1. Among the candidates Ser378, Ser355, which residue alone is within 16 Å of Arg322 (Cα to Cα), open to solvent by less than 30 Å² (accessible area, probe 1.4 Å) and not hydrophobic (A, V, I, L, M, F, W, C)?
2. Return the total of residues in the stretch 401-410 being polar (S, T, N, Q) and crowded, with 17+ Cβ neighbours inside 10 Å.
3. Which one of Ala284, Ala288, Ala280 is farther than 30 Å from Phe562 by Cβ and surrounded by 16 or more Cβ atoms within 10 Å (Cβ to Cβ)?
4. All but one of (1) within 16 Å of ligand 2 (Cβ to nearest atom); (2) open to solvent by 30 Å² or more (accessible area, probe 1.4 Å); (3) basic (Lys, Arg) hold for Lys606; state the number of the condition that does not hold.
5. For Val117, are the conditions met, namely being open to solvent by less than 40 Å² (accessible area, probe 1.4 Å), modelled with pLDDT of 85 or more and within 18 Å of Val19 (Cα to Cα)?
6. What number goes with the only condition from (1) farther than 20 Å from Asp494 by Cα; (2) modelled with pLDDT under 95; (3) within 16 Å of ligand 2 (Cβ to nearest atom); (4) open to solvent by 40 Å² or more (accessible area, probe 1.4 Å) that Asp586 does not pass?
7. Residues in the stretch 528-550: is at least one within 22 Å of Val493 (Cβ to Cβ), in contact with a Leu (Cβ under 7 Å, 6 or more places away or on another chain) and not in a helix (DSSP H, G or I)?
Amino acid sequence: MPGLRVLVVDDNPLSFHMVEELATQMPNVSGLSWARTYDEGLAALRAGGQDACLMDHVLDRSTGLDLLRQARAEGIRTPTVMLTCARSGELDMEAIRAGAADFLVKGEFSADVLDRVLRYAVERQRSADRLHESEERYALALLGANDGIWDWKITSRDLYFSSRSRELLGLTEAEIPNDVEGWQKRVHPDDLPRLFSDLKAHVKGHTPLFESELRLRHRDGSWCWLLARGAAVRDRDGRATRMAGSVTDITHGRARDHLTGLPNRTLFHDRLGRAFARKAREPAFEFAVIFLDLDRFNVVNEGLGHHAGDALLVQVARRIERCLRETDTLARLGGDEFALLLEGVRTPEEAGQVSRRILEALEAPFEVVGRPVYAGASLGIALSAEGGSGPQELLRDADTALSRAKSGGRGRHQVFTPPMHAQALGALQLENELRLAVERQELRCFYQPIFSVKDRGLVGFEALVRWMHPEQGLIAPDRFIPLAEQSGLVQQVDDWMLQAVTAQLEGWRRTLPGARALTVNVNASKRQLDSAGFVERVLAAVDLRGLPRGAIALEITEGMVFESPERITAVLAALREAGVPVVMDDFGTGYSSLSYLHRLPLAGLKVDRSFVSRMDGPGPAAEAVKAIVALAHSLGLKVTAEGVENEAQMDLLDALHCEHAQGYLFSRPVDAQGAEELLQSWAGRRLGTG
Ligand code: C2E
Ligand code: CA
Ligand code: CA
């Protein structure tokens, strides 16, 4: 037996160190890990990776016995030896009943004894597991007897199905006699071609076994997935004369999501189809479809691992289920997408009520791998009573409403209305046009100057993209950047900006002496940061124009970091290494987690306009800016205030020692020509001290 890894759950450091001491003399033990509390112990057991567990009976807020029971209830089978303080026959028996392999009294055992007890516990568990497995196999074999049986004399078209085969479909022999046509009629039309080709392949001898998955109509109107298997009997010439085999009901596996046990997409569509069929029969019958997406699933999945992501999905499913009635269907469509079918729901108010209940249920943190995790969700609702002529349309409407809920700030629900469809189409059109905009040279780079607060000298620009649309004129980025982000086009837009800015800077530096000290900020997107070779592309663009590395800076937002902190930190570190400064944009609006800020290699941060614009005198907004500036300075970061529109704000910023300011007070974003004029007017004057 290779060395055992043993988890010690004990709230007393002394006892742990005692075990640690003993372990040095235990040949079977290769490693110890220590959980100090009930929660830590449970988390460690859930995470797995130990061969055995040594558990103290007395734990912080509970007992080792309770912890063991909880673990066993969750299906965790780690062999466990209990440690008790004094010999108590009752406690010992309880421990064994709870599933402990053995028990020892603290201070009464040697390294030798502990070593042996642990080894036996593990060995016993392993043989129990093996027994369990063979029992399971046996049970499966028995279950196989549940299959239907069929026999087909190919030459005479004689077909026999056992009564069990009919039961799978809820039918009697009177309803479906033993003939080919009767059965064929029940097969889903989409599955017939595959069934025929599977049959043909086997009859012709191309496959050693016949196997086909197909849907048959159940008596209640639903589709039942069956796995048909069989083999041919052949005559001397190898011609198949007869085929026989079994049919197995695999509906559950096909129609259920394995992780959550909820209906899957197939089953959801089936139920939705039936709801529409019912509506056709009973015009008064209405229903609602809700799409639900978790807002922060990727954060969990990437941050804590897929195992954690899966655990979260299961818990989310259970909480949503508790908000529903028996006639409602909750399905998992895939990833973190769920769908609900609410029968009998007619009005936006009724659907909204259910949605609010769900949002509320998801508010409290989930416990995932021993940590609190906030999931949050967005919901899109479509009502059969308000359009949605068929399943496809209704699903599309719910999806449109969901996108709206997300872009409206997440954590909310949105009911679909027909104008949304037109807008969604408009957005789609704009997105298609944007695809061509780069090629057609329709993008423009605008520049907004950034000034030093202390001496009002020009220190640089922020580059802001515009789209010169052939029909609609100049389009602001707020209208197309979100679309570009969804489709991934944003990467092209941002790369284009990088080229435009570096080319422009090269020109200015040649002709305008003042341009040499400038830094131009370029906005980066998450997609760009995630794309392979991003750092190399930035450096190539800068080097191509012979610019110093500090001539451009990149602006990122908090949201970009939050989703995958490790990866983004590595990208930022590479940029710093190469001498390209990065600043945090829109600071204060995002997750504002101060805890990670000091770990990021940043050069500065930009206080969001929403704070600056509310800062018309001493008050909460000014206090917030003061705190941000103080924090930034303590981390060695320079601060730029965005959206400065009046002198009062400038005075406050000056008093707070904020370094830079940008806003309509100085200038709106202007085109390259405008920026050049600005630079020229500055040529005679002193440039700002960065
Ligand atoms: P942002 O990065 O926060 O840019 C600042 C926005 O505030 C700009 O809007 C600017 O015109 C506006 N602004 C500046 N000073 C004032 C002021 O005093 N008052 C008011 N009310 N507004 C002011 P713009 O150019 O419409 O850009 C909007 C957003 O679009 C940007 O916000 C940025 O998130 C995004 N964006 C712009 N250009 C790019 C780009 O090249 N790439 C990417 N990925 N995003 C971009
Ligand atoms: Ca920006
Ligand atoms: Ca900003």
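The values are calculated or read from the model by the stated rules, or taken from the named source; none is laboratory data. Here the structure is a predicted model, which means the values were calculated and not measured. Glycine gets a Cβ as well: all are built from the backbone with ideal geometry, and neighbour counts include every protein chain shown. When the accessible area is computed, the model is the full protein with side chains, heavy atoms only, and any ligands, DNA or RNA have been set aside. Shrake-Rupley method; radii C 1.70, N 1.55, O 1.52, S 1.80 Å.
1. Numbers: Ser378 fails: within 16 Å of Arg322 (Cα to Cα).
Ser355 is the lone residue from the list that is within 16 Å of Arg322 (Cα to Cα), open to solvent by less than 30 Å² (accessible area, probe 1.4 Å) and not hydrophobic (A, V, I, L, M, F, W, C).
2. Restricting attention to the stretch 401-410, the residues satisfying the condition of being polar (S, T, N, Q) are 403, 407.
Filter again for crowded, with 17+ Cβ neighbours inside 10 Å, leaving 403.
Result for the stretch 401-410: 1.
3. The conditions single out Ala288.
4. Among (1) within 16 Å of ligand 2 (Cβ to nearest atom); (2) open to solvent by 30 Å² or more (accessible area, probe 1.4 Å); (3) basic (Lys, Arg), Lys606 violates only (2).
5. Yes; evaluated as a whole, the condition is true for this residue.
6. (1)
7. Scanning the stretch 528-550 turns up at least one residue that is within 22 Å of Val493 (Cβ to Cβ), in contact with a Leu (Cβ under 7 Å, 6 or more places away or on another chain) and not in a helix (DSSP H, G or I).
Okay, residues lined up against (1) out of contact with any Phe, Trp or Tyr (no Cβ under 8 Å at 6 or more places or on another chain); (2) within 16 Å of ligand 3 (Cβ to nearest atom); (3) of a type in the set (Val, Ile, Thr):
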site: Phe446; (1), (2), (3): yes, yes, no
site: Ile450; (1), (2), (3): no, yes, yes
site: Glu471; (1), (2), (3): yes, no, no
site: Ile475; (1), (2), (3): no, no, yes
site: Pro482; (1), (2), (3): yes, yes, no
site: Glu485; (1), (2), (3): yes, yes, no
